[in-house]
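The structure under discussion appears below in the form of structure tokens.
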Amino acid sequence: MSAAAANPRRILRVRVWDPFVRIFHWTVVTGVLIAYFTEDWRPVHKLVGYVVLVMVTLRIVWGFLGPRHARFSDFVRGPREVLAHVRDLLRGREPPSVGHNPLGGMMVVALLTTLLVICVSGWMMTLDAFWGDERVEELHESAVNVLLGLVGLHVAGVVFTSLREGVNLVKAMFTGTKEFEVEDPEEERAILAQAAEGAIETIPMSQQREAPART
């Protein structure tokens, strides 16, 4: 019997992102776009800024209280693990990641931190104590520029990882479910080890069109 017959290709559907993480993600994406294009329309700009600040604060709390893949402990890694991931990536040997990989975890922390700086500095600019303070204004503008750079890197990383792993990460952030096409038993075990209990479904490739996604 051939190896392909012994280990038929199949789809692993893994529930990863909970409803709050998905709502947070797309609310912030929408909020940042609106805020960027309403800089001169102050009432809308300020309102959106407060919404984003609330969402970022809730996401930080959720990073400690939420389900497995929403928690910082699941994806925030130290420098050694990040460098090891980069080395594996350059060699084409990085293991599959159900949640955020180490580089993705760094990006999440960087984005949350930058958004927090933007929102807080923007709020400070509305206070009498900091009215007209150029230092606060420069901090706000600099943080926005940093955010634009991070967003560019984030989008590039999502496209690269989606193509490399064959997983539609954008779709997963809508549905909450990642779909991994696997054949290698070791790769399957690596995915299963990262998945929360009861959050995975295995579908033979021949049935993938008929089987509905579970979210």
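The values are calculated or read from the model by the stated rules, or taken from the named source; none is laboratory data. Bear in mind the structure is a predicted one, so any value in this text is a computation, not a measurement. Here the Cβ is made from the backbone with ideal geometry for all residues, glycine too, and neighbour counts use every protein chain on show.
State whether one or more residues within the stretch 19-42 are at pLDDT below 95, more than 17 Å from the chain's Cα centre (by Cα), part of a helix (DSSP H, G or I) and not aromatic (F, W, Y). Checked the stretch 19-42: at least one residue is at pLDDT below 95, more than 17 Å from the chain's Cα centre (by Cα), part of a helix (DSSP H, G or I) and not aromatic (F, W, Y). Could you tell me whether any residue of the stretch 70-87 is assigned to a helix (DSSP H, G or I), in contact with a Pro (Cβ under 8 Å, 6 or more places away or on another chain) and buried (at least 18 other Cβ atoms within 10 Å of the Cβ)? Yes, the stretch 70-87 contains a residue that is assigned to a helix (DSSP H, G or I), in contact with a Pro (Cβ under 8 Å, 6 or more places away or on another chain) and buried (at least 18 other Cβ atoms within 10 Å of the Cβ). Output the residues belonging to the stretch 160-174 that are without any contact (Cβ under 8 Å) to a residue 60 or more places away in the chain and of a type in the set (S, T, Y). Passing the criteria: only S162.
Taken over the stretch 58-70, the criterion of being farther than 17 Å from L147 by Cβ and touching a helix residue (DSSP H, G or I) at 6+ places or on another chain (Cβ under 9 Å) is satisfied by L58, W62, G63, F64, G66, P67, R68, H69, A70.
For first residues located in the stretch 52-78 and closer than 20 Å to A172 by Cβ, partners that are among the basic types (K, R) and in a loop (DSSP other than H, G, I, E, B) and lie 6+ apart or on another chain with Cβ distances below 8 Å form the pairs G63/R71. A single member of R68, R80, R93, R135 is within 23 Å of V155 (Cα to Cα) and among the basic types (K, R), and it is R93. For the stretch 88-119, filtering for residues that are buried (at least 17 other Cβ atoms within 10 Å of the Cβ), touching a residue at least 12 places away in the same chain (Cβ under 8 Å) and assigned to a loop (DSSP other than H, G, I, E, B) leaves 6.
Within the stretch 106-130, the set of residues being over 18 Å from F64 (Cβ atoms) and either among the polar types (S, T, N, Q) or touching a strand residue (DSSP E or B) at 6+ places or on another chain (Cβ under 7 Å) (or both) comprises T114, S121, T126.
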